[in-house]
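The values are calculated or read from the model by the stated rules, or taken from the named source; none is laboratory data. Quantities reported herein were computed from a predicted structural model and do not represent experimental measurements. Here the Cβ positions follow ideal geometry from the backbone for every residue, glycine too, while neighbour counts run over all protein chains shown. Surface accessibility is based on the protein's heavy atoms, side chains included, excluding ligands, DNA and RNA. Shrake-Rupley method; radii C 1.70, N 1.55, O 1.52, S 1.80 Å.
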Amino acid sequence: MKIWRSLLFVPANQERMLNKLDSLPADGFIFDLEDTVPDPEKQNARQMTLDVMPKVRGDRSWVRVNSLSTGFFHEDIDALIGAPGLTGLIVPKMDSVADINTVDQMIASYEIRRGLSVGSTAIIIMMESAGGVLDSRAIMTSSKRIQTMIYGGGEDGDMNVSLGATWTSPGPEMMFVRQFSLVSARAANFDCPLDGVFANVKDPEGFRSDTQLSKRLGYRGRTVIHPNQIEDANNIYTPTAAQIEYYSRVVSAYEEALTRGVASTTVDGKLVDLAMSKTAQRLLDHVAAIKNIEAITGFVGKP
């Protein structure tokens, strides 16, 4: 299981920001070659990304490439496939299975040229349109490269444009597509579906409230756009000590029940059966994955 409680977007042409990444406690970084980089800066941003990625500890270096509809996409993957330090690619604006198939085949062609195993380059896809959301389960299951998805529905973002909606906090206008994307991700067996950005970096209370809602919906992490959002995201998406203690007892009680030849029991007066045991084990696996990333970043979440 892989967990990203916080994935920080970093404009890939901002040298000052790039040079301090390894001091930040984000579970991962997204070197952004797309929206935050103007066209004349694309080549420079690409080279700066290649220079910085090997310096980042752990598998935390993701790159958001330009969309498939642009000429920059081909240049991005040409530079990135097989690059030292690359964890995987964030692929935006995936609106159909045909889009994924095209991306998959193009990446495979570079893997073959560079002596890499076909399929070795991981991708995370971004759901940013009405059409993409409606076809989201088919899209998410169309390639074994896909590790999870990011819901691209932040304030005034591409999803708003697609829907014609006006985003307000806590975003009831976007709730259907936010939940539908999550359901598709769960149906695709993604362990860590990722929520989108909260755009107002001067509203920490709003960010915390929206992230609590995100956690209740079932998201395991989210993309963030400022370092001051990282610790709140990490803390909120970290299971509480009480949850860990309770679900540890659930797993133990269910395993003990099986030794007695029964498939259900109770813990604190609540029924525990196979489904409950699976829920509990999933949370404990989640905690183990968090400990792995905390060993790299040195940051311990405090839910």
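The table that follows gives values for the structure above.
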{"quantity": "Residue, nearest to Trp4 (Cα to Cα), within region 263-290, restricted to residues that are β-branched (Val, Ile, Thr) and open to solvent by less than 60 Å² (accessible area, probe 1.4 Å)", "calculated": "Ile290"}
{"quantity": "Residue that is farthest from Ser23 (Cα to Cα) [pool: residues in region 54-64 that are within 15 Å of the chain's Cα centre (by Cα) and not in a strand (DSSP E or B)]", "calculated": "Asp59"}
{"quantity": "Qualifying positions in region 250-262 - open to solvent by 60 Å² or more (accessible area, probe 1.4 Å), in a helix (DSSP H, G or I) and small (Gly, Ala, Ser)", "calculated": "Ser252"}
{"quantity": "Breaking point among (1) without any contact (Cβ under 8 Å) to a residue 12 or more places away in the chain; (2) of a type outside the set (Phe, Trp, Tyr); (3) farther than 29 Å from Lys215 by Cα; (4) surrounded by 15 or more Cβ atoms within 10 Å (Cβ to Cβ), for Arg113", "calculated": "(4)"}
{"quantity": "Residue in region 229-243 that is open to solvent by 30 Å² or more (accessible area, probe 1.4 Å), over 19 Å from Pro193 (Cβ atoms) and without any contact (Cβ under 8 Å) to a residue 24 or more places away in the chain present", "calculated": "yes"}
{"quantity": "Test result for Tyr219, in contact with an Asp or Glu (Cβ under 7 Å, 6 or more places away or on another chain) and either open to solvent by less than 30 Å² (accessible area, probe 1.4 Å) or over 28 Å from Met276 (Cβ atoms) (or both)", "calculated": "yes"}
{"quantity": "Which listed residue is among the charged types (D, E, K, R) and in contact with a Ser or Thr (Cβ under 9 Å, 6 or more places away or on another chain), from Glu41, Glu15, Glu34", "calculated": "Glu34"}
{"quantity": "Residue selected from region 151-184 under the condition without any contact (Cβ under 8 Å) to a residue 12 or more places away in the chain and assigned to a loop (DSSP other than H, G, I, E, B), by the criterion least open to solvent (accessible area, probe 1.4 Å)", "calculated": "Ala165"}
{"quantity": "Any hit, region 189-198, residues being at pLDDT below 95, among the aliphatic types (A, V, I, L, M) and over 29 Å from Lys278 (Cβ atoms)", "calculated": "yes"}
{"quantity": "Failed condition for Pro204, given (1) under 30 Å from Asp35 (Cβ atoms); (2) open to solvent by 60 Å² or more (accessible area, probe 1.4 Å); (3) modelled with pLDDT under 95", "calculated": "(3)"}
{"quantity": "Test: residue in region 33-42 that is open to solvent by less than 70 Å² (accessible area, probe 1.4 Å), assigned to a helix (DSSP H, G or I) and farther than 30 Å from Lys291 by Cα", "calculated": "yes"}
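Rundown of residues vs (1) in contact (Cβ under 8 Å) with a residue 12 or more places away in the chain; (2) surrounded by 14 or more Cβ atoms within 10 Å (Cβ to Cβ); (3) at positive phi, yes/no style:
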| position | (1), (2), (3) |
| --- | --- |
| Arg57 | yes, no, no |
| Ser61 | yes, yes, no |
| Asn66 | yes, yes, no |
| Pro92 | yes, yes, no |
| Asp95 | yes, yes, no |
| Ala108 | no, yes, no |
| Gly119 | yes, no, yes |
| Met127 | yes, yes, no |
